[in-house]
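Participant: Okay, here's the structure, questions in a sec.
The values are calculated or read from the model by the stated rules, or taken from the named source; none is laboratory data. Please read these numbers as outputs of a predicted model, since none were measured by experiment. Please note: Cβ atoms are built from the backbone with ideal geometry, for glycine as well, and neighbour counts cover all protein chains shown. Accessible surface is based on the protein model in full, side chains and every heavy atom, while ligands, DNA and RNA are left aside. Shrake-Rupley method; radii C 1.70, N 1.55, O 1.52, S 1.80 Å.
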Amino acid sequence: MRTSRPLPTVTALAVAALLALGGCGEDGPAEEEPPAGARWTGAGDPVDPSGLVWAAGGTVHLGDGTVIETDQEIEAYVVAGDGAYVVPAGDREGPGADLLLATGDRVEQTGAVVDPDTLRTSPDGRYLAFIDPATGEQDEYGTPVATAVVVDLVAGEEVVRSAAGMGDTGSDDLADLYEDAESPAVLGLTHTTAYVAGPDGVLAYDLPSGDRDELADSTSDVYDDDWFTALRGEDALLSPSGTWRIVDPTDGSPVRLVPEDGGKAVVTRAPYDVYELDSWLDETTAVGGALEGESDVLLACTLPTGACGPLPGVPAGALLPVDRSGPGLPTVRR
């Protein structure tokens, strides 16, 4: 349950500035009915999703120094609404996983089934989105059609439940389609728009109306679009004041912190063979992750020296929210 616990003093993680693309398509709100048992409650005491968030040993540590106890090991999670939406670790049957809500005073089943890698939230934590791979209409081979779901956690209701762009149950072998074409994914959310990709195209859903726009035939067609670049976090590579930028050379050399005024770059120095930086804690501290053996380490590199080391108080193997670390977006080289 949520209680106060001291954490290292850090400022909030730089949040990527996300561009909004309003939807104005012909389709209205959720097109499918939620599966039996799915239930959402309005957030009575929303948590602050900003700052450094990490989880270890079943405990989710929020950026404001409080924690949420989930009472179980965690496979994946995001922070939104009243607390942490969690997929427990362990064996599971079928194509999806059960989603739990852990708050300051309870842990409960939501009744939703999700692909854990597709969990995404809006920057303010109001909206939760994911792909439901299990409850949609089945094709002739018994494969359910993937369904994009967006939930307004303040209102406590789904605003999108749609299989648009996810294949045709009457004519497609969906298992082959999802393996050979583009896998269903939530590309990300802004305050006003949810972006979803499937084998039949890239869609934008307006929040909270649920109206839909078709943007492109595939994700590869939108790599250079401003909204996609923003979702990939390119703006987070700039320090809070915009004076330094994280640059990851393509020649395999160490990550550099490069001043925007054209001055001399600072080469980072980390005690790890594999590491990356993706955002900033403050004007002099860039953060990211490293690989130590088979464990992930949360890493900080500081100016002016470029020296890097683990974030104080954060154990190796700590989990970031899946919408900061998950593989749901296609890789785009800078």
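Participant: Out of everything in region 132-146 that is in a strand (DSSP E or B) and farther than 23 Å from V79 by Cβ, what residue ends up being least open to solvent (accessible area, probe 1.4 Å)?
Facilitator: Across region 132-146, the extreme among qualifying residues is P144.
Participant: Right, another one. Look through V154, V160 and report the one residue that is of a type outside the set (F, W, Y) and part of a strand (DSSP E or B). So that I can check it myself, show each step before the final result.
Facilitator: Numbers: V154 fails: part of a strand (DSSP E or B).
That would be V160, the only listed residue that is of a type outside the set (F, W, Y) and part of a strand (DSSP E or B).
Participant: Of the residues that make up region 77-94, is at least one out of contact with any strand residue (DSSP E or B) (no Cβ under 8 Å at 6 or more places or on another chain), outside any strand (DSSP E or B), closer than 22 Å to E158 by Cα and open to solvent by 40 Å² or more (accessible area, probe 1.4 Å)?
Facilitator: The answer is no; no qualifying residue exists.
Condition check ((1) in contact with a Lys or Arg (Cβ under 9 Å, 6 or more places away or on another chain); (2) part of a loop (DSSP other than H, G, I, E, B); (3) among the small types (G, A, S); (4) touching a residue at least 24 places away in the same chain (Cβ under 8 Å)) across all residues:
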{"site": "Y205", "(1), (2), (3), (4)": "yes, no, no, yes"}
{"site": "E214", "(1), (2), (3), (4)": "no, no, no, yes"}
{"site": "A236", "(1), (2), (3), (4)": "no, no, yes, yes"}
{"site": "V258", "(1), (2), (3), (4)": "yes, no, no, no"}
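Participant: Does region 164-177 hold any residues that are surrounded by fewer than 22 Cβ atoms within 10 Å (Cβ to Cβ) and either within 23 Å of V151 (Cβ to Cβ) or touching a His at 6+ places or on another chain (Cβ under 6 Å) (or both), and which are they? Spell out the reasoning first.
Facilitator: Of region 164-177, the ones surrounded by fewer than 22 Cβ atoms within 10 Å (Cβ to Cβ) are 164-165, 168-173, 175-176.
Correct list: A164, G165.
Participant: Quick test of your reading of the structure: G188 fulfils all but one of (1) assigned to a loop (DSSP other than H, G, I, E, B); (2) in contact with a helix residue (DSSP H, G or I) (Cβ under 6 Å, 6 or more places away or on another chain). Name the failing condition by number.
Facilitator: (1)
Participant: Return a yes/no flag: does region 188-204 have any residue that is over 28 Å from L281 (Cα atoms) and of a type in the set (S, T, Y).
Facilitator: Within region 188-204, none of the residues are over 28 Å from L281 (Cα atoms) and of a type in the set (S, T, Y).
Participant: Let me ask something additional. For the list (1) more than 27 Å from V145 (Cβ to Cβ); (2) open to solvent by less than 50 Å² (accessible area, probe 1.4 Å); (3) over 19 Å from the mean Cα position of the chain (by Cα), I need the number of the one condition that I74 fails.
Facilitator: Result: I74 fails condition (3) only.
Participant: Give me the pairs: first residue in region 41-68 and free of Cβ contacts under 8 Å to residues at least 40 places away in the same chain and on the phi < 0 side of the Ramachandran plot, second residue part of a loop (DSSP other than H, G, I, E, B) and among the small types (G, A, S), beta-carbon distance under 6 Å, and six or more apart or on different chains, which are they?
Facilitator: Short answer, once both residue conditions are applied: S50/A12; S50/G63.
Participant: Check whether at least one residue in region 309-319 is at pLDDT below 90, open to solvent by less than 50 Å² (accessible area, probe 1.4 Å), assigned to a strand (DSSP E or B) and closer than 30 Å to E73 by Cα, and report yes or no.
Facilitator: No.
Participant: Would you point out which residue out of R126, R106, R120 is open to solvent by 10 Å² or more (accessible area, probe 1.4 Å), of a type in the set (D, E, K, R) and touching a helix residue (DSSP H, G or I) at 6+ places or on another chain (Cβ under 6 Å)?
Facilitator: R120
Participant: Keeping to region 42-62, report how many residues are over 18 Å from R120 (Cα atoms) and at pLDDT below 90.
Facilitator: 2
Participant: Sticking with this one: G104 is checked against (1) assigned to a loop (DSSP other than H, G, I, E, B); (2) under 15 Å from the mean Cα position of the chain (by Cα); (3) of a type outside the set (V, I, T) and fails just one. What number does that condition carry?
Facilitator: Failing condition for G104: (2).
Participant: Looking at (1) in a loop (DSSP other than H, G, I, E, B); (2) surrounded by fewer than 21 Cβ atoms within 10 Å (Cβ to Cβ); (3) touching a Ser or Thr at 6+ places or on another chain (Cβ under 9 Å), find the lone condition where G210 falls short.
Facilitator: The one condition G210 does not meet is (2).
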